[in-house]
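Everything below concerns the one structure shown next.
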């Protein structure tokens with residue numbers, strides 16, 4: 001069967017989007033991994049599916065799969081691309097839509113300047129909501145990491161890091177670093193992603209605060225590796241910085257792929273994520 005797809009990106013965080021409203025097909029986990037391969041497939045960080053909603057108050061169901069085939073709960077950059085996709089495909093003419101996800105509903109709005117703002121809802125901060133294993137809630141937690149590399153005495157070397165754990169529809173751990181360019185993202189990222197205190201694994205952000213309204217960020221994404229941009233990771237980093245008293249409520253987040261704008265007033269208020277969404281090309285593939 002020939003399946004029509006669209007390749008898109010949000011600041012370099014790239015996606016393949018499938019319209020499963022006019023096309024009826026089931027994508028297996030092994031097929032997702034094959035399609036995600038950047039040498040033998042299309043290549044992407046996440047696969048996004050547009051489906052009919054089950055909730056009558058939603059416009060679409062928004063399903064997300066990481067490059068390793070595992071489902072993901074949330075993706076802010078993907079939600080912006082989803083908005084442009086459904087409008088480009090003629091699936092809606094609305095400038096504001098409600099998306100049904102596996103963890104609740106989010107709202108996406110096309111702004112007059114062409115950027116897209118996603119209301120990500122309030123962050124989850126209690127350990128059981130994130131989810132994260134801890135006896136009580138705290139702004140920061142100490143994690144003991146066990147290196148997979150053995151040392152001469154037969155044990156494993158350990159390192160302790162301090163993280164802020166935040167749920168943005170998916171779990172995030174945010175570390176403060178002095179210089180994001182020199183941060184050991186690819187060394188610490190996998191260790192924290194698979195830490196036993198995060199039962200669903202975790203996205204790992206490395207944040208450098210440059211002023212009260214600006215941060216630099218790199219993200220090691222669960223099931224993907226380091227990405228050029230991560231919308232939910234940018235939200236989590238701003239929440240972490242505000243909880244520590246380091247940031248104001250409107251912050252520019254500079255990622256390797258570009259800049260996102262995050263607004264969060266604190267407490268139980270909603271997080272607003274703004275940025276561009278770009279269509280790269282369309283094609284057909286044999287499934």
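FYI, it's all coordinate maths here, none of it is from the lab. Here the structure is a predicted model, which is why all the values come from computation and not from measurement. For neighbour counting, all protein chains shown are included, and Cβ atoms are generated from backbone atoms with ideal geometry for every residue, glycine included.
Subtracting the Cα-Cα distance of residue 92 and residue 22 from 0.36 nm times their residue separation leaves 23.9 nm of extension gain. Of all the options 134, 236, 70, the one that moves most in a Gaussian network model of the chain with Cα springs shorter than 10 angstrom is 134.
Using per-residue counts of other Cβ atoms within 10 Å, averaged over each peptide, order 202-212, 73-83, 20-30, 238-248 from highest down.
Descending mean neighbour count gives 73-83, 202-212, 238-248, 20-30.
Estimated at 0.36 nm per residue, the fully extended path between residue 279 and residue 29 surpasses their Cα-Cα distance by 87.5 nm. The value of relative contact order for the chain, using C-alpha pairs under 8 Å at least six residues apart, is 21 percent. Here the relative contact order of the stretch 71-144, from alpha carbon pairs under 8 Å that lie six or more residues apart, stands at 21 percent. Summarising the label geometry, the points placed 7 Å from Cα in the beta-carbon direction at residue 226 and residue 181 lie 1.3 nm from one another.
If the segment from residue 213 to residue 55 were pulled out straight at 0.36 nm per residue, it would be longer than the present Cα-Cα gap by 53.2 nm. Overall form of the stretch 141-269: prolate. Here a/c, set by the Cα gyration tensor axes a ≥ b ≥ c, is 1.5 or more, and a/b is the larger of a/b and b/c.
Comparing 146, 235, 136 in a Gaussian network model of the chain (Cα springs below 10 Å), the most mobile by mean-square fluctuation is 136.
Springs join every pair of Cα atoms under 10 Å in this Gaussian network model of the chain, and among 86, 253, 16 the largest mean-square fluctuation is at 86.
If both residues of a DSSP beta bridge must be in the chain, then about 80% of such bridges are antiparallel.
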